[in-house]
1. Please pick out the residue among Ser115, Ser138, Ser133, Ser152 that is out of contact with any Lys or Arg (no Cβ under 7 Å at 6 or more places or on another chain), at pLDDT 95 or above and surrounded by 20 or more Cβ atoms within 10 Å (Cβ to Cβ).
2. Consider Ala197 carefully, then state whether it is surrounded by 16 or more Cβ atoms within 10 Å (Cβ to Cβ) and modelled with pLDDT under 95.
3. With under 28 Å from Asp148 (Cβ atoms), more than 22 Å from the chain's Cα centre (by Cα) and among the small types (Gly, Ala, Ser) as the only criterion, which of Gly204, Gly223, Gly190 stands out?
4. Take the conditions touching a strand residue (DSSP E or B) at 6+ places or on another chain (Cβ under 7 Å) and at pLDDT 90 or above and apply them to Thr73. Does it pass?
5. Pairs only if they're at least six apart or on different chains, beta carbon under 8 angstrom, first in region 208-229 and closer than 18 Å to Val187 by Cα and assigned to a helix (DSSP H, G or I), second modelled with pLDDT of 90 or more and among the hydroxyl-bearing types (Ser, Thr, Tyr); list them, first residue then second.
6. Does Gln55 meet the test of being modelled with pLDDT under 90 and of a type in the set (S, T, N, Q)?
7. Which members of region 139-182 meet the condition of being under 21 Å from Gln101 (Cα atoms), out of contact with any Gly (no Cβ under 7 Å at 6 or more places or on another chain) and hydrophobic (A, V, I, L, M, F, W, C)?
Amino acid sequence: MDQQTRQALKHDQFVDTTQHGLEWANQNRRPLIVTGAVVAGLLVIFAIVAVVFNQRSEKASTAFGEAMQTYQTPLAAPGQQVPPGIKTFPSAAERAKAANQLFLQVADNYGMTSSGKLARYFAGLTYIEAGQSSQAESTLKQAADSWDKDLSALAKLALAQLYRQTNRDAQAIEVYNDITAHPTTSVPAGTAQLQLADLYEAEGKPDLAKKVYAELKDKDSKGPAGMIAAQKLNPAPAPAAGAPVAQ
């Protein structure tokens with residue numbers, strides 16, 4: 001096969017390949033155009049959603065900050081003199097009720113944002129302070145279902161405290177054990193175990209409390225929780241009557 005023939009064959013193969021590509025493109029032109037339009041449309045939608053979400057996140061953050069400001073407002077007894085222009089509340093319960101409404105607004109209006117989820121947790125806390133146990137329980141359970149493990153653990157810890165306050169120790173114990181089995185940065189296992197031991201002591205069950213302290217001391221001897229457990233197991237002796245007090 002001479003050089004001219006080989007070049008002609010190569011040329012024909014290139015033409016065939018190119019022609020095949022052109023035919024495929026022509027046959028699929030409309031689907032390609034539709035697909036391209038769909039992709040472009042989705043990119044535009046995603047961009048719009050991102051902008052809207054960022055705007056809502058900023059609004060949620062601002063609203064949450066205002067709610068926290070109310071929650072941190074100082075208390076002043078009736079008749080107590082306060083500097084001009086300083087807002088106060090007469091009691092922690094009154095302050096909690098005012099802050100609770102603001103936290104609920106943030107949670108209801110911006111529930112998909114991180115500030116909205118955090119506001120739900122604080123709404124549960126303020127319900128507790130306001131003495132509204134049933135509302136506190138339902139709200140904290142919603143916060144405990146959050147995908148954010150740290151926030152969920154905080155809500156569970158508050159739930160356990162609520163159960164203790166309402167004489168439901170069995171439910172509190174269940175929550176403490178759950179947190180211990182699924183520790184997080186916000187609520188380490190040791191924190192839940194110390195609370196569990198404290199519950200047993202309050203119930204008049206020192207043997208169970210000592211068992212928890214002993215396990216915690218062995219597992220976390222150099223950590224804060226383990227050191228507290230060690231002190232609970234071996235408390236410093238009280239000074240003898242009449243003994244001089246160290247200065």
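1. After ruling out the rest, the residue left standing is Ser152.
2. For Ala197, the condition - surrounded by 16 or more Cβ atoms within 10 Å (Cβ to Cβ) and modelled with pLDDT under 95 - is not met.
3. Only one candidate passes the filter, namely Gly223.
4. yes
5. Final answer for the pair search is Val212/Tyr200; Ala225/Thr191; Ala229/Tyr213.
6. Yes.
7. Ala144, Leu151, Leu154, Leu159, Leu162 - these are the residues of region 139-182 that are under 21 Å from Gln101 (Cα atoms), out of contact with any Gly (no Cβ under 7 Å at 6 or more places or on another chain) and hydrophobic (A, V, I, L, M, F, W, C).
The values are calculated or read from the model by the stated rules, or taken from the named source; none is laboratory data. Being a predicted model, the structure only gives us computed values, none of them experimental. Using ideal geometry, Cβ is built from the backbone for each residue, glycine included, and neighbour counts are taken over all protein chains shown.
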